[in-house]
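Okay, so here's the structure we're looking at.
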Amino acid sequence: MGDLLIPLPDGRMMPAYFASAGDGPAPGVVVVHEIFGLNDDIRDIADEFARRGFHAVAPDLMGLGNRLSCLVSITRSLSAGRGPAIDAVDAARRWLAERDDGTGQVGIAGFCLGGGFAIVMANRGFGASAVQYGRLPKNLDAALAGSCAMVASYGALDGSLKGTADTLRDALERAGVEHDVKEYADAGHSFLNHSAET
């Protein structure tokens, strides 16, 4: 387990954290961080996936340059459904899928900002998607066309995402996507993070 670099299509190297499930073969999961970037919470979550039998890689989307310019680029990519950040998440998926100690099956789990990526990327080669308090893309129905199965978790006390769980559930039903969307009555935003403040 530790830090590494993943090659990107444009020739750059993206910093990432990898947590191994041990001797393979094991399925993989790409863990996409929140707006704060790759931090100890996300590393701990990747480690937990590894303890549960998954090779987990957490790409550092904020590690590709100046934090402010990275954040602008990331949010633009997420909004457009294409661009450098989308390519970076896909590079992490391919890196896991091609590992000799993997099964080739890769899921995605995203938190806050990363939850948005878990929605937008769910129809791009992933086997399952886990969305934690992620914002919905503008064209939700298009984003969910051909989506893999999705589980999503939201907090009812999260005022910034009020009604999001219901909207996502309705869109998944329209798309015919297998899903499990829950809104937890006593939870706010970032409730799965150790440093969460609701």
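The values are calculated or read from the model by the stated rules, or taken from the named source; none is laboratory data. Note that this is a predicted model, so its numbers are computed, not measured. Cβ atoms come from the backbone with ideal geometry, glycine included; neighbour counts cover every protein chain shown. Side chains included, ligands, DNA and RNA excluded: accessible areas come from the protein's heavy atoms. Shrake-Rupley method; radii C 1.70, N 1.55, O 1.52, S 1.80 Å.
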Worksheet entry | When residues of the range 12-44 are limited to those that are open to solvent by 60 Å² or more (accessible area, probe 1.4 Å) and within 15 Å of Asp87 (Cα to Cα), the one modelled with the highest pLDDT | Met13
Worksheet entry | Residues being open to solvent by 40 Å² or more (accessible area, probe 1.4 Å) and under 14 Å from the mean Cα position of the chain (by Cα) - total across the range 104-131 | 5
Fill in: Positions within the range 69-103 being over 18 Å from Pro7 (Cβ atoms), in contact (Cβ under 8 Å) with a residue 60 or more places away in the chain and not β-branched (Val, Ile, Thr), in sequence order
Gly81, Asp101
Discussion item. Quick test for you: out of Ser153, Ser129, Ser147, pick the one residue that is at pLDDT 95 or above, small (Gly, Ala, Ser) and outside any strand (DSSP E or B).
Written reply: Ser147
Worksheet entry | Whichever residue in the range 157-175 is modelled with pLDDT under 95 and aliphatic (A, V, I, L, M) and, among such residues, is most open to solvent (accessible area, probe 1.4 Å) | Leu157
Item to complete: Just need a number here: residues in the range 132-149 that are buried (at least 24 other Cβ atoms within 10 Å of the Cβ) and in contact (Cβ under 8 Å) with a residue 40 or more places away in the chain.
Response: 2
Practice prompt. State which residue pairs qualify: first residue in contact (Cβ under 8 Å) with a residue 24 or more places away in the chain and inside the range 42-53, second residue open to solvent by 30 Å² or more (accessible area, probe 1.4 Å) in any location, beta carbons under 7 Å apart, and separation of 6 or more residues or different chains.
Written response: Asp44/His194; Asp47/Met1; Ala50/Met1; Ala50/Ser20; Ala50/Ala21; Gly53/Ala21
Worksheet item: Among the residues of the range 46-62 satisfying the criterion of being at pLDDT 95 or above and in a helix (DSSP H, G or I), which is farthest from Val89 (Cα to Cα)?
Response: Arg51
